[in-house]
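Coordinate-derived values only; no laboratory data. Please read these numbers as outputs of a predicted model, since none were measured by experiment. As a convention, Cβ positions derive from the backbone with ideal geometry for all residues, glycine included, and neighbour counts pool all protein chains shown.
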Amino acid sequence: MKLLSRLLTVCLVCGVSVSVMASDIAVRGDRVYTAAGGPIENGVVIVRDGKIAAVGPAGDVAIPDGMVVVDAAVVTPGLIDAHTVVGMVGFLSQDNDQDYLERSAAIQPELRAIDAYNAREPLIEWLRTFGVTTIHSGHGPGEIISGQTLIAKTTGNTIAEAVINPAAMVAATMGEGAVMSGNDGRNTPGTRGKVAAMLRTELLNAQAYAKKIAAAEDDDEKEPPARDLKLEVLAGVISGEMPMLVTAHRHNDIMTALRIAEEFNIRMVLDGASEAYLLLDEIKAAGVPVIVHPAMARAGGERENLSFTTAEKLINAGIPTAFQSGYEGYVPKTRLVLFEAAMTLPHGLTFEQALAAITIDAAKILGVDDRVGSIEVGKDGDLALYDGDPFEYTSHAVGTIIEGVQVSDRTK
Amino acid sequence: MKRPSGLLTTLFLMAAAVASAEPTAFVGATIMPVADAPIDNGVLVIDGGKIVAIGAGVRVPRNAEVVDVAGKVIVPGFVDTHSHIGEPAGADRSSPIQPEARVLDSINVRDAGFKRALAGGITTVNLMSGSGHLMSGQTIYVKLREGNSIESIAYKKDDGSVDGGMKMANGTNPRRDPPFPGTRGKSAALVRQKYVAAQEYMAKIERADGDAEKMPERDLAMEALVEVLNGERIVHHHTHRHDDILTVLRLQQEFGFRVVLHHVSEAHRVAKEIAAANAPVSLIMIDSPGGKLEAQYIDFENAPALERAGANVGFHTDDYITDSRLFMRMAALGVRAGMSRETALRALTLAGAEMLDLDDRIGTLERGKDADFVILSGDPLSVYTRVQETWVEGVKRFDLDDPDDRAVAEGGFGALQPSFVHEFHGYEEGH
């Protein structure tokens, strides 16, 4: 009682209502797209203590006294970039900070993204300026298994402040990307057949490793195997705890990925998938979601057959699909999922489908839809604000809110 | 008696030729001629590959084929001032300055890049060699008409020779081991030395005053540089950093060549200086800063900053850096940053034509100009808008309703073959 009265006194002195905190904010939108039902005209979103406390038409949702209010023409959930290497690479492409790909061996699942991610990398700010609030970043394509990925908010000064899943997926590559990965002939594959054989061999090793651990747990007489960081991670893949993110572009490489997913009963997410439109039935039957290549990715090499219509075909086939900014290695150093999704609008995707693929559907594929991806009570207060149709080039991002804190007020 | 009858016969034959090639009238579209204010419910009449009439109340010739384009938007064919479609290759690794190398001698006219360009509404391109040299060779201006050889699609000068510019670069891309420069100071010194030599070569020609005996020995490099010095051949200069931009302007002032600045990542820092030098700028709009040191400060803001300063602004794809099919979005991103709509559309069309010295033929929809135009489904600045048709010299070269053309516009299995699209596997010398 004494403590409470003292707290009240302090707050009265500072002249702020007792209930308003730094991570409280009210957002009014002429139109609010929640990604959980139809748009709300004249909508209000109340964020309290970083979480969405209320959402609805202005007539139904009262804004508490003293709460900071931000207005925008259009409000959407904070955008999600379902696959990037931002934070893992310095934006100026200098040799000393390109930490998305370790070339010393073809299979290194033990490489953790959290040991490399730079939360202060300038491109993170660039993404959040356009409304991106959550990214799936980490080791990129280019080796059979290049390492782990993480999921982070586009804020925070340290990985600890930013991260929401420190070990999201294991990143793998099929096809030319993995074949060309061999830089010096040391235990690196030279053919597609060898890529698959090496990956299957390592997954078998992980199965055996997991069996030994289980056996030792059941039987006090048996010694558990010596800890092996690589096999520990792959055992997580085998058990289904951790999905495998497989970058594959050509149709034959996509089939190889699906074949291995079935053989080892692993949770797989397809990445890139330039020729996915040739395999809609197969991908759907396998129950594998797709993080499709950037719509504006260069149509070269193993992506020579990519299409602006791939996302539309996947989504209308009922395959869970999200967009990514991807990785090009040069200019532009990152793309924006906002613009990549926009590019599908003249190619058949509806506004709602395109928005879902960079919000709620991306959140589901990444397994973080309990926290982000839609404007629903109880979820994180992550919002993107625009002065018009977010997908139109001539509209602007005008504000970004992460967990109730306005992290960008730039007009861009 | 004989002569007049011959003249009459000629006139008769000419009349027959005109009658057999009937004019076409495009009726009902919003026409954005760039030379003038937009025309609602306009009429565009073309004949013999040229525009013969344009306006709101234009009478449709009785013999014209009438095309109903109500609800569509017609704009001039786009001019891409900097592209690498068709595999252009100029200088090799032997030295940093090779003005004698012509991309004319390298173009693959069957490259699917030309189809991608048409799908993006582009009707004229400047094909250039790369930026890994201080001077990587002679560029070529190409009209995207149908053709089996580079000669058949190249713009020609009055003397029948192919038309083009000279590619130059400064900053980090041309820097490497000797004989290439290792510093910016050395880069400028090498270029100046070459231009001084060209000035002397030109002086010898002038002193010869038409006397073949007194002419200097033929020298391919010097001949090309004389064309640069006398203003016939425009320098297309890759440059990014503010100080490198000013170095280009300094050399331009010293030697008096005509220059177009390309990329110009830090244009927003020296917009006034660029405008004061009357140097046109061809910008590229990139979706994020970085990717290389010199693009650290690239910003959509370049477009409005240059417009405010009064500089002539155009855009380019740098295809394969950005895809020719997406050229229109450059203008829209410029408007996003604050550029006016008029200047943005001009930057896709007339500004580029001026930068290639072709504005007497292309860049606007005006009577007498080439019938190069694009039929759009809507506002050129909207993401929802598609290129419906691209016409070059009165011939439909891209039609979204044609399944093969649609495949090029959208991509898909085998749609872009044969094609050469460079893939980046990490940092490389670039464009």
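General observations
- When the convex hull of its Cα atoms is viewed from all sides, region A:150-254 shows a mean projected area of 9.5 nm².
- Out-of-range pairs (alpha-carbon distance over 24 Å; input A:LYS51/A:LYS153; B:LYS167/B:LYS369; B:LYS115/B:LYS156; B:LYS50/B:LYS115; B:LYS157/B:LYS214): B:LYS167/B:LYS369; B:LYS157/B:LYS214
- Computed over chain A with a Gaussian network model linking Cα atoms closer than 10 Å, the most mobile of A:ASP361, A:ASP369, A:ASP271 is A:ASP369.
- Dipole magnitude (debye, nearest 20) for region A:253-315, charges at Cβ of Lys, Arg, Asp, Glu: 180
- Fraction of antiparallel bridges per DSSP, region B:77-364 only, in percent to nearest 5: 30
- Stokes-Einstein D for region B:177-264, Kirkwood Rh over Cα pairs, 25 °C, 0.890 mPa s (µm²/s): 172
- Share of Cα-Cα pairs in region B:182-232 lying beyond 17 Å, as whole percent: 40
- Principal semi-axes in Å for region B:302-431 [√(5λ), Cα gyration tensor, largest first]: 25, 22, 15
- Pairs of alpha carbons in region B:55-194 whose separation is greater than 22 Å (percent): 51
- When restricted to Cα atoms, region A:271-412 yields an Rg and a Dmax of 15.6, 45 Å, respectively.
- One equal scatterer on each Cα of region B:33-113, no solvent, Debye formula: the resulting log10 I(q)/I(0) at q = 0.10, 0.24, 0.26 Å⁻¹ is -0.50, -1.20, -1.32.
- Prolate/oblate/rounded label for region B:301-368 (Cα gyration tensor, a/c 1.5): oblate
- Dipole moment magnitude, nearest 20 debye, the protein assembly as shown about Cα centre, only Lys, Arg, Asp, Glu C-beta charged: 1080
- Ordering A:ALA276, A:LEU258, A:HIS293 by Cα displacement along the dipole of region A:256-301 toward the positive end leaves A:HIS293 in first place; charges were set at the Cβ atoms of Lys, Arg (+1) and Asp, Glu (-1).
- Among A:ALA119, A:ALA273, A:ALA215, residue whose mean-square fluctuation peaks in a GNM of chain A (springs only between Cα atoms under 10 Å): A:ALA215
- The reciprocal of the average 1/r between distinct C-alpha atoms defines the Kirkwood hydrodynamic radius, which for region B:141-220 equals 16.3 Å.
- Cα-based shape type of region B:359-407, given that a ≥ b ≥ c are square roots of the gyration tensor eigenvalues and the cut on a/c is 1.5: oblate
- Local electrostatic count at B:TYR201 - Lys and Arg +1, Asp and Glu -1, tallied over other residues with Cβ under 12 Å: -2
- With contacts taken as Cα pairs under 8 Å at a separation of at least 6 residues, region A:284-408 carries a relative contact order of 18 percent.
- Cβ-defined net charge surrounding A:ASP387, 13 Å radius [Lys, Arg +1; Asp, Glu -1]: -1
- Viscosity 0.692 mPa s, 37 °C: Kirkwood-radius Stokes-Einstein D of region B:139-295 over Cα pairs, µm²/s: 187
- Positive-pole candidate from B:PRO216, B:THR343, B:GLN199, dipole of region B:77-364, charges at beta carbon: B:THR343
- Whole-number percent relative contact order across chain B, with pairs defined as alpha carbons under 8 Å at least 6 apart: 20
- Short-range pairs are left out: with C-alpha atoms under 8 Å and at least six residues apart, the relative contact order of region A:79-372 is 17 percent.
- Assuming charge only on the beta carbon of Lys and Arg (+1) and of Asp and Glu (-1), the dipole of region A:92-150 about its Cα centre is about 200 debye to the nearest 20.
- Each helix, a run of at least 4 DSSP H residues, gives -39500 (n - 2.57); summed and divided by the residues of chain B, these come to -8500 deg cm²/dmol at 222 nm.
- Taking amide H as placed 1.01 Å from N in the peptide plane, B:ILE74 has its amide H under 5 Å from the amide H of B:THR30, B:ILE31, B:MET32, B:LEU376, each at least 5 places away in sequence or on another chain.
- Over chain A, equivalent-ellipsoid semi-axes from the Cα gyration tensor in Å: 39, 26, 19
- Taking all pairs of distinct alpha-carbon atoms in the protein assembly as shown, Kirkwood radius in angstrom: 29.2
- With both labels modelled 7 Å from their Cα along Cα-to-Cβ, the B:ASP211 to B:ALA276 distance reads 4.5 nm.
- Equivalent ellipsoid semi-axes, region B:101-180, via Cα gyration tensor eigenvalues times 5, rooted, Å: 26, 15, 10
- Zone residues, region B:324-368, relative to B:ARG145, backbone N less than 20 Å from point 7 Å out along Cα-to-Cβ: B:353-354, B:356-368
- Of B:HIS238, B:HIS82, B:HIS268, the one that fluctuates the most in a GNM where chain B has Cα springs shorter than 10 Å: B:HIS268
- DSSP-defined beta bridges in chain A - what % are antiparallel, rounded to 5: 55
- Tensor-based shape of chain B (alpha-carbon gyration tensor, a/c under 1.5 rounded, otherwise prolate or oblate): oblate
- Charge tally in the Cβ shell below 11 Å around B:ASP111, where Lys, Arg are +1 and Asp, Glu are -1, B:ASP111 excluded: +1
- Stokes-Einstein D (µm²/s) once Rh is taken as the Kirkwood radius of region A:359-398 over alpha-carbon pairs, at 25 °C in 0.890 mPa s: 217
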